[in-house]
Amino acid sequence: MRIFPFVALVAIIAIISIAHSDGGNATKDARFIIIDKNGVPVDNIENIAKYLSKFDVVFFGEKHDSKTAHELELKFAELLYGKHKNFAIAMEMFEADNQSGLDDYLSGKIGFDKFAKEVRLWGNYDDYRPIVNFAMEHKIPIIAANIPRRLASIVAKNGIESWDSLPPQEKQYLPQKYSFDNKEYKQKFLATMQENPMMKHMGGGVMLDNLFKAQVVKDEKMAESISNYIDANPGVFVYMLCGSFHSDYRLGTVEKLLDRKPNLKVATISTVVIPKNKSLDDKEYSNLAGAADFTLLVKEQ
């Protein structure tokens, strides 16, 4: 993916100016710090939001079990919404075939009990409840971006060829195109999986290959969901919430989105969890910069 020299220079200057600005909304909080792509701490959330508001799509790459990350997701949503009235939130946590149930809940047509029955909510839905409530209050659409989990699971268990025998009502939720040829992304995925203790109880290379393809089809579907929404709503600003692996290093969903819309301006935030016995100010953590435009370092909870 090319980065044109002039654009890159402008971006670096903008980030440096953010990092050295003063003012309200400081990030001085014992639970986290935010660093830019050069590892420099950024002391003002409002200025970060101003910088991010100039893009078309912003990915907040979270750690799903980080309460601090969820709080900051909402904070950035509030700030970015204030700068973009044509605003939508896309979420990995909702699946495409649950879009109508999500829309009905956001519009007040159904209550929470029916919503919870109709939509496959994540086990930690309470962590996302504040941002869903924020969307409901301000009439912000939420894009149920992800592929239905059963369809990704089929790939993980039986390979991508298993999609061929799906009935038409299921195929409508598949991404219209998909490819698995990014070697860098695959290497990062396999390295992550091999560090996972659960992998000891799973199969070998074929299983890992299927798991990678299941990961990629999620990226493809989420990218397609965002792309289709932008096509239907020109000029919209999209704020995407996903696990950080889907957007770090502009791989995963970011890469797949830019494959579809190469002219989009996309910015990213990544989340890294720091062990309880380590200091957020430790210089070694400045080396974690670079996976995103901004990296959120949060203390393990």
_Tell me whether the range 270-293 contains one or more residues that are touching a residue at least 24 places away in the same chain (Cβ under 8 Å), touching a helix residue (DSSP H, G or I) at 6+ places or on another chain (Cβ under 8 Å) and over 22 Å from Asn44 (Cα atoms)._
no
_Being surrounded by fewer than 18 Cβ atoms within 10 Å (Cβ to Cβ) and either free of Cβ contacts under 8 Å to residues at least 24 places away in the same chain or farther than 24 Å from Asn228 by Cα (or both) is the filter here; which residues of the range 123-134 pass it?_
Gly123, Asn124, Tyr125, Asp126, Arg129, Pro130, Asn133
*Can you tell me which residue within the range 238-253, out of those that are more than 9 Å from the chain's Cα centre (by Cα) and either among the aliphatic types (A, V, I, L, M) or at pLDDT below 95 (or both), is surrounded by the fewest Cβ atoms within 10 Å (Cβ to Cβ)?*
Leu251
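Across the range 223-262, what is the total count of residues that are without any contact (Cβ under 8 Å) to a residue 60 or more places away in the chain and hydrophobic (A, V, I, L, M, F, W, C)? Steps first, answer last, please.
Start the filter on the range 223-262 by keeping residues that are without any contact (Cβ under 8 Å) to a residue 60 or more places away in the chain, which leaves 223-224, 227-228, 231-232, 234, 256, 259-262.
Narrowing the set further to residues that are hydrophobic (A, V, I, L, M, F, W, C) leaves 223, 232.
Total meeting the criteria: 2.
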*asked:* Quick check on Gly235: is it among the small types (Gly, Ala, Ser), in the same structural domain as Glu92 (by TED's automatic domain parsing) and either under 22 Å from Leu79 (Cβ atoms) or surrounded by 21 or more Cβ atoms within 10 Å (Cβ to Cβ) (or both)?
replied: yes
*Would it be correct to say that Phe87 is at pLDDT 95 or above, buried (at least 17 other Cβ atoms within 10 Å of the Cβ) and closer than 25 Å to Glu300 by Cβ?*
no
_Restricting to the range 217-231, and then to whatever is within 14 Å of the chain's Cα centre (by Cα) and of a type in the set (A, V, I, L, M, F, W, C), can you tell me which residue is nearest to Cys242 (Cα to Cα)?_
Met222
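List the helices (runs of 4 or more DSSP H) that sit entirely inside the range 40-120 and contain at least 3 residues that are touching a residue at least 12 places away in the same chain (Cβ under 8 Å), touching a strand residue (DSSP E or B) at 6+ places or on another chain (Cβ under 8 Å) and in the same structural domain as Ala135 (by TED's automatic domain parsing). Lay out the reasoning, then the answer.
Numbers: elements: 45-52, 67-81, 99-107, 112-118.
The qualifying helices (runs of 4 or more DSSP H) are 99-107.
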_Among the listed residues Ser17, Ser21, identify the single one that is closer than 30 Å to Lys278 by Cα, part of a loop (DSSP other than H, G, I, E, B) and at pLDDT below 95._
Ser21
*When the range 137-187 is examined, which residues are found to be without any contact (Cβ under 8 Å) to a residue 40 or more places away in the chain, under 30 Å from Leu106 (Cα atoms), charged (D, E, K, R) and not in a loop (DSSP other than H, G, I, E, B)?*
Glu137, Arg150, Glu170, Lys171
*Hey, among the residues in the range 259-286 that are assigned to a loop (DSSP other than H, G, I, E, B) and over 22 Å from the mean Cα position of the chain (by Cα), which one's farthest from Leu297 (Cα to Cα)?*
Asn277
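Among the residues that make up the range 133-142, is at least one of them charged (D, E, K, R) and assigned by TED's automatic domain parsing to the domain that holds Lys221? Let's see the steps before the verdict.
Narrowing the range 133-142 to residues charged (D, E, K, R): 137, 139.
Those still in the list that are assigned by TED's automatic domain parsing to the domain that holds Lys221 too: 137, 139.
Among the residues of the range 133-142, at least one is charged (D, E, K, R) and assigned by TED's automatic domain parsing to the domain that holds Lys221, which makes the answer yes.
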_Candidates Ile147, Ile142, Ile154, Ile160 - the one that is modelled with pLDDT of 95 or more, in contact with a strand residue (DSSP E or B) (Cβ under 6 Å, 6 or more places away or on another chain), surrounded by 12 or more Cβ atoms within 10 Å (Cβ to Cβ) and not acidic (Asp, Glu)_ = Ile142
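The values are calculated or read from the model by the stated rules, or taken from the named source; none is laboratory data. Here the structure is a predicted model, which means the values were calculated and not measured. Glycine gets a Cβ as well: all are built from the backbone with ideal geometry, and neighbour counts include every protein chain shown.
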